Every structure is written in structure tokens, then in C-alpha cells.
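Below is one structure, written out as C-alpha cells; the observations come after it.
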Amino acid sequence: MAKNAIDDNGVLYLYNKIKGDIPTHVSDLTNDANYQTALEVANAINTAIGGLSIPAKVSDLSNDANYQSATQVQAAINTAIAGIDNLHFDWSHQELPQTGESNVIYAIPTGDTSDPYDFYVWNSTSSTFIRLDFEIDMSSYMKTSDIHWMTNAEIDALLD
């Protein structure tokens, strides 16, 4: 039984016969699945966005987390500072005393030249010291060993 076949020339001839029937653009096809064009999608998005009310400022939002405004924060700071009477550093102790005093920041030497002091405040509610976690960089300050004490002769030389 003979089978039908075509060679290269037959393929070219067949292509030329049917090429006008082969779609070359999506728009040439039947839209049986209701796909939308880019313009239809853009119009749908613009319609949806047009119905939205997007806040332009934080104050337009609902403050459901009780965030504070700059004015409220400053007022809280001012109130806290007003409650501090005579806050000062105490540099006189080599170690923490048994109990502390309110409004005193205790500077306790550490022996570490890069971080020479730990700072503590007394918590009268729990009767404990609380370490403050900050450092004061004193490396740029003059040390006693950096001072040249002038002799009387050097003073006299300055005045001559």
C-alpha cells in the first residue's frame, strides 16, 4: 500500500497555498476565552483606582497603634525632665554602694582605658542598680600626664 509524502518543494508549495489562512496576530484569532486587551485592562485598573481614596498625609490615617506626634513626644520629654530634680553624676565611688540615691548617675571605674566607666542609676522600686548602656568617649580630653607643669624659670622666660 502506497503512502502519501511530499518533498521540500511540496512543503513550500503547500505553505504558499495556505499562508494567507495562518493567523499572524492575536487579534486574528477568535477570543473564545474572553481575554482582555491591554487597553481593556488599563481601563479596568483606572476605573478601580478612581474609586479609591488614598490618604496623602499620615494625619489622614486612623491611628490604631496610638503613635505619638512630635508635639506629644516633646511634651512627654518635657514632663519627664521636669520631674528630675538636681540630676548629677557621682564620680567618687570605686564600686557601687549598697544602696543609691535618686537623681544620681554613679560612674564606676572599669579599669578599661577604652571604656573607663560603667554608669548606674538606683531604682528605688526594686532596690537595685540599673546599668546604663552608653559610653562616654574621653579619649580626646587632656590627661594629667599630658600636662607640662612650667617651672618658675620657664614662667620668667615668658615674661621677659
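Restricting the stretch 88-107 to residues that are under 33 Å from the mean Cα position of the chain (by Cα) and farther than 17 Å from residue 137 by Cβ, the residue that is modelled with the highest pLDDT is 106.
Tell me, yes or no, whether the stretch 64-87 has at least one residue that is of a type in the set (A, V, I, L, M, F, W, C), over 26 Å from residue 104 (Cβ atoms), modelled with pLDDT under 85 and within 28 Å of the chain's Cα centre (by Cα). No, the stretch 64-87 contains no residue that is of a type in the set (A, V, I, L, M, F, W, C), over 26 Å from residue 104 (Cβ atoms), modelled with pLDDT under 85 and within 28 Å of the chain's Cα centre (by Cα). Please specify each residue of the stretch 108-136 satisfying the condition of being within 30 Å of the chain's Cα centre (by Cα), surrounded by 14 or more Cβ atoms within 10 Å (Cβ to Cβ) and within 22 Å of residue 85 (Cβ to Cβ). If the condition is that a residue be within 30 Å of the chain's Cα centre (by Cα), surrounded by 14 or more Cβ atoms within 10 Å (Cβ to Cβ) and within 22 Å of residue 85 (Cβ to Cβ), then 119, 120, 121 are the ones that fit. Do we have any residue at all in the stretch 34-44 that's touching a helix residue (DSSP H, G or I) at 6+ places or on another chain (Cβ under 8 Å), over 30 Å from residue 103 (Cα atoms) and among the polar types (S, T, N, Q)? Within the stretch 34-44, one or more residues are touching a helix residue (DSSP H, G or I) at 6+ places or on another chain (Cβ under 8 Å), over 30 Å from residue 103 (Cα atoms) and among the polar types (S, T, N, Q). Residue 96 meets all of the listed conditions (1) more than 30 Å from residue 122 (Cα to Cα); (2) among the aliphatic types (A, V, I, L, M); (3) in contact with a Phe, Trp or Tyr (Cβ under 9 Å, 6 or more places away or on another chain) but one, namely (1).
Which count do you get for residues in the stretch 108-148 that are part of a loop (DSSP other than H, G, I, E, B) and among the aliphatic types (A, V, I, L, M)? Write out each step before concluding.
Taking the stretch 108-148 as the starting set, the residues that turn out to be part of a loop (DSSP other than H, G, I, E, B) are 110-116, 124-127, 133-143, 147-148.
Checking the rest, the ones that are also among the aliphatic types (A, V, I, L, M) come to 136, 138, 142, 147.
Qualifying residue count, the stretch 108-148: 4.
Can you confirm whether the stretch 45-52 contains a residue that is modelled with pLDDT of 90 or more and of a type in the set (A, V, I, L, M, F, W, C)? No, there is no match, as no residue in the stretch 45-52 is modelled with pLDDT of 90 or more and of a type in the set (A, V, I, L, M, F, W, C).
The values are calculated or read from the model by the stated rules, or taken from the named source; none is laboratory data. Just so it is clear, the model here is predicted, and its values are computed rather than measured. No Cβ is skipped: glycine too gets one built from the backbone with ideal geometry, and neighbour counts run over all protein chains shown.
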